[in-house]
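**Student:** I am attaching a structure below and will ask some questions about it afterwards.
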């Protein structure tokens, strides 16, 4: 890298972060936009040598019109929004940020597990609707409450987040099992077959990336293998689950509940079947499991570290 070259850094989605980013320690011009649509990408990155993005789609058709671009720094772990094949073939480096949500996201997943196991939404609705006022006894016990301790937590995806989820599960007394890849010919030591995990788990938590292999990882067949009193947690990517199949399973009582922090399309401007119902055993949060203040600042600092490492000629977190 020529350290004397002034870099043009364009941040396409600054409004997705409510923390400060330090200035990179190299000669640069910093341009930022609160949000960016796919149709605005080419114009905004026209002079950029470094692009910072989060979820906006960067496909080959747009990237082909950006001859100055040398680095795409993704302000997230998942990179399914970037055309990696095009970047690989056209010498555009792509780096991501990793491990920043190792506490925030598993804690959010645990919150969803607890809320579902203890029927929090149903009891909250009862209180709001005045049923406690009318009760003949001091408490309401109309909805079943169960402990997580002693239950089996099945984890799908065992990277940083999956391992952190396992630690939290064990800390409250859950038995933790980890899935082998779906349809794998062999099962690695310390893991169980994917189908076995579906059948044994009381809670299943997804922590894997969205790829062609994992698209609709959980559909009608997989939901049918789960226990009828099991719950499903997805804080990873919306495309891992078939929304219609999940909704049918919840309505028909084939699984006990689901906690969802991610949807197939975000924001869901065209709607989503999971947002069109009001079920006490379904909790949907707006893709904020990752976003504690501490996690967000860790991400911001790591992203600038990535830029500085690239300019030094020592790139890290490349994908």
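Quick note: the coordinates plus some simple rules give every number you see, no bench work behind them. Here the structure is a predicted model, which is why all the values come from computation and not from measurement. Here Cβ is always computed from backbone atoms with ideal geometry, including for glycine, and neighbour counts include all displayed protein chains.
**Student:** Just want the ordering: 164, 201, from fewest to most Cβ atoms lying within 10 Å of their own Cβ.
**Tutor:** 164, 201
**Student:** Let me ask another. What's the ranking of 94-105, 204-215 by average number of surrounding C-beta atoms within 10 Å, highest first?
**Tutor:** Descending mean neighbour count gives 94-105, 204-215.
**Student:** What shape does region 17-161 take by its C-alpha gyration tensor, where a ≥ b ≥ c are the square roots of the eigenvalues and a/c under 1.5 counts as rounded, a/b above b/c as prolate, and the rest as oblate?
**Tutor:** prolate
**Student:** Need the full-extension length gain, residue 219 to residue 47, defined as separation in residues times 0.36 nm minus the C-alpha distance. One decimal, nm.
**Tutor:** Full extension from residue 219 to residue 47 adds 57.6 nm.
**Student:** Any idea what % of Cα-Cα pairs in region 224-319 are farther than 19 Å?
**Tutor:** Considering region 224-319, 54 percent of its Cα-Cα pairs are separated by more than 19 Å.
**Student:** While we're here: Contour minus end-to-end for residue 146 and residue 5, with contour as 0.36 nm per residue of separation and end-to-end as the Cα-Cα distance?
**Tutor:** Taking 0.36 nm per residue and subtracting the Cα distance, the gain is 44.7 nm.
**Student:** Looking at the square roots a ≥ b ≥ c of the eigenvalues of the Cα gyration tensor of region 92-158, which shape do they give, rounded for a/c under 1.5, prolate if a/b is larger than b/c, or oblate?
**Tutor:** prolate
**Student:** What is the ratio of the Cα radius of gyration of region 104-284 to 2.2 N^0.38 Å, with N the residue count, to two decimals?
**Tutor:** Output field value: 1.05.
**Student:** Indicate the gyration tensor shape class of region 1-43 (rounded, prolate or oblate), computed on the Cα atoms with a ≥ b ≥ c the square roots of the eigenvalues: a/c under 1.5 is rounded; otherwise a/b larger than b/c is prolate and the rest oblate.
**Tutor:** Since a/c reaches 1.5 but b/c is at least a/b, the shape of region 1-43 is classed as oblate.
**Student:** For the chain, what number results from the quotient of the Cα radius of gyration and 2.2 N^0.38 Å?
**Tutor:** Relative to the rule-of-thumb radius for its length, the chain sits at 1.12.
**Student:** So what's the angle, to the nearest 10 degrees on a 0 to 90 scale, between helix 104-117 and the longest Cα principal axis of the chain?
**Tutor:** The helix 104-117 is inclined about 20 degrees to the chain.
**Student:** Tell me what the chain gives for mean residue ellipticity at 222 nm when only DSSP H runs of n ≥ 4 count, each as -39,500 (n - 2.57), the sum divided by the residue total, rounded to 500 deg cm²/dmol.
**Tutor:** Rounded to the nearest 500, the figure is -8000 deg cm²/dmol.
**Student:** What percent antiparallel are the DSSP beta bridges of the chain, to the nearest 5?
**Tutor:** Just about 5 percent of them are antiparallel.
**Student:** Ranked highest first by the average count of other Cβ atoms within 10 Å around their residues, in what order do 284-296, 15-27 fall?
**Tutor:** With the highest mean Cβ count within 10 Å placed first, the list reads 284-296, 15-27.
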